[in-house]
Amino acid sequence: PVGLPSDDSQLAFWTLEQLLEDGGVVPDHLARKFTEQQIFGIGSTVKAFLRSYKDQGLPWEQSGQPSAGNGALMRIAPVLIPHLRQPSAELWADAALAGMVTHNDRASNACCVAFVHILWECLRLKQAPEPTWWVNTFVSRARELEGDTSYSSRNQALPYEGPLWQLVDREVRQALQQNRSTLEACERWHSGAYLLETMPCVLYILARYGDNPDESIVRAVNDT
């Protein structure tokens, strides 16, 4: 409803609040935080997590769902915050654990860690990188973490079966080579909550407009 936050905003801010309270990722505390208030626009995977963790009383490590939806990725950015003053390799474990609370899936885990890696690398940049940097940096991390998984495209016009990182690698590079608009590109692979759709959209918008935050947001809102 108008005037209420999205689940994206709620879960990201609750993640940040819990991280600041604990000084880092404590998965059980994070899981409990997600159960304390109503979530607006809640997705099916988080609903299933709540049933497992809150209603059935399962521990957090058994409550994460085998889902390649974007619900973990959309809230993962705050994981960086506790590591800013004391950089540590524990950041990558925190990114995986924070995502696994609700989405315990190889593609989701890989996307969360690879995207946090992108954000971490961006902190060192003096200017926006070359367009292919975004996909190169993502694939270099996601490929090792996801491995040889098999996911299927939901778009009949774009048949695909294989690991997420491979689809991203192929499609985003091709869209850049052909200089497609973000609308054309996102319509090609669709732009739903499935990570095989979300991740190419995110990376392509950043590749095209990573030097222009305002335009990036406008394109994300209007073209996906």
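The values are calculated or read from the model by the stated rules, or taken from the named source; none is laboratory data. These numbers come from a predicted model, not from an experiment. Cβ sites come from the backbone with ideal geometry, for glycine too, and all protein chains shown count toward neighbours. Just the protein is used for accessible areas: all its heavy atoms, side chains included, with ligands, DNA and RNA removed. Shrake-Rupley method; radii C 1.70, N 1.55, O 1.52, S 1.80 Å.
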What net charge is computed for the residues neighbouring residue 25, neighbours being all others with C-beta under 11 Å from the C-beta of residue 25, Lys and Arg scored +1, Asp and Glu -1?
-> -4
What shape does region 14-92 have by the C-alpha gyration tensor, where a ≥ b ≥ c are the square roots of the eigenvalues, rounded means a/c under 1.5, and otherwise prolate means a/b greater than b/c and oblate the rest?
-> prolate
Quick one: grab the alpha carbon gyration tensor of region 1-55, order the square roots of its eigenvalues as a ≥ b ≥ c, and give me rounded if a/c is under 1.5, else prolate or oblate depending on whether a/b is larger than b/c.
-> oblate
Sorted on mean Cβ neighbours within 10 Å (highest first), peptides 146-157, 65-76 come out as 65-76, 146-157
Dipole of the chain, positive direction: furthest Cα of 95, 189, 199, with charges on the beta-carbon = 189
Given the peptides 202-208, 5-11, 117-123, arrange them by the average over their residues of other C-beta atoms within 10 Å, most packed first.
-> 202-208, 5-11, 117-123
Scan region 36-114 for GluC sites (Glu not before Pro) in coil per DSSP, keeping those whose Cβ has at most 12 other Cβ atoms within 10 Å, and list them by number.
-> 36
Net charge over other residues, Cβ less than 15 angstrom from the Cβ of residue 214 (K, R count +1; D, E count -1) = -1
Around residue 9: net Lys/Arg minus Asp/Glu count, Cβ-Cβ under 15 Å | -1
Which value, in Å², gives the accessible area per residue of the chain when a 1.4 Å probe is used on the protein heavy atoms?
-> 50 Å²
Solvent accessible area, Å² - residue 183, 1.4 Å probe, full protein context | 70 Å²
For the chain, calculate the relative contact order in percent as a whole number, restricting contacts to Cα pairs under 8 Å that are 6 or more residues apart.
-> 16 percent
Measuring from centroid to centroid over Cα atoms, what is the spacing of region 71-95 and region 196-222 in Å?
-> 21 Å
Mind checking which of 211, 94, 55 has the largest fluctuation in a GNM of the chain, springs on alpha carbons under 10 Å?
-> 55
Normalise the Cα radius of gyration of the chain by 2.2 N^0.38 Å (N = residues in it) and let me know the number.
-> 0.99
Using 0.36 nm per residue of separation minus the Cα-Cα distance, give me the extension gain between residue 88 and residue 180 in nm, one decimal.
-> 29.3 nm
When only alpha-carbon atoms count, how far does region 91-224 stretch along each of its three principal axes, as whole angstroms with the largest first?
-> 41, 33, 23
